[in-house]
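Engineer: Below is a structure I'd like to ask you about.
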Amino acid sequence: MKTRTSKNEDDAVATVDFRHVENWVFDLDNTLYEAECRLFAQIDARMTQFIRERLDLDHGEARRLQKQYYVDYGTTMSGLMHEHDVCPETFMAYVHDIDLAPIRRNESLEKAIAALPGRKFIYTNGSARHAENVAGALGVYHLFDEVFDIKAAGYTPKPHRAPYEKFLENHDIDPGRAAMFEDLAQNLETPHALGMTTVLVCSDAAWLADEPHAKRPARPDDHADGGPEHIHHMTDDLTAFLETLMTGRHAA
């Protein structure tokens, strides 16, 4: 059963049954925190600046190359590694040197994650240090059993299948008893194919509109049928969604 839940609805009508889930997997950026705080916009700008400095390009060309590598390789960093032999740790240290002031401790999210039965993981295309910094600022880092970062993935980013398989194998996870929360729909295709329950965390992230040809991020209200087949649930309020799971408000 697909679900759509939105903080813009007075009362979300949904069937949410996660009683089978014992492993909870969360993306980091624009998932654990609300994209509207524009934290990732800082990272995005730092990537452009890194390319400008490293390749001696003007802003426009650096920006174009950054986005082209994202399309071609899945992440800008992967493109820089393949095309320019950039050290991934150097790149990540630079782009994650950001101001965390927009992130506020989220006690409601902390309680909601703490209440989830079983193990909890962060699976990110970023670094473990970045995950520790951001999740720490949110007040939820201590709740996670482990961070599976881009280094642990052998620098192969989502949405490639191999790192998902490595993650599941490393932690002895039955995908049929796992749920994955992501802000990018394409990153949920493989988890769905592997048998995981998938949740798309939607937003109105204004910074995305800064990009030429950028599409507005998907929202629960956009899909009366619940969205693409590989997305089981959609929400624009992660905390409320998790609280719903624990209260049994819409139990099956």
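Engineer: Just to be sure I understand the filter: pairs with C-beta atoms under 6 Å, separated by 6 or more residues or on different chains, first member in region 150-176 and in the same structural domain as residue 28 (by TED's automatic domain parsing), second member exposed (fewer than 13 other Cβ atoms within 10 Å of the Cβ). Which pairs pass?
Structural biologist: Close Cβ pairs (under 6 Å, with a partner that is exposed (fewer than 13 other Cβ atoms within 10 Å of the Cβ)) amount to 156/162; 159/186; 175/195; 176/195.
Engineer: Same structure, new question: Is it true that residue 129 is closer than 27 Å to residue 172 by Cα and in contact with a strand residue (DSSP E or B) (Cβ under 8 Å, 6 or more places away or on another chain)?
Structural biologist: Taking the combined requirement at face value, the residue does not satisfy it.
Engineer: Can you confirm whether residue 3 is of a type outside the set (Gly, Ala, Ser), more than 16 Å from residue 201 (Cβ to Cβ) and either at pLDDT 90 or above or touching a strand residue (DSSP E or B) at 6+ places or on another chain (Cβ under 7 Å) (or both)?
Structural biologist: Answer is no for this residue.
The values are calculated or read from the model by the stated rules, or taken from the named source; none is laboratory data. A quick note: this is a predicted structure, and the numbers were derived from the prediction, not measured. Ideal geometry is used to build each Cβ from the backbone, glycine not excepted, and the neighbour counts take in all protein chains shown.
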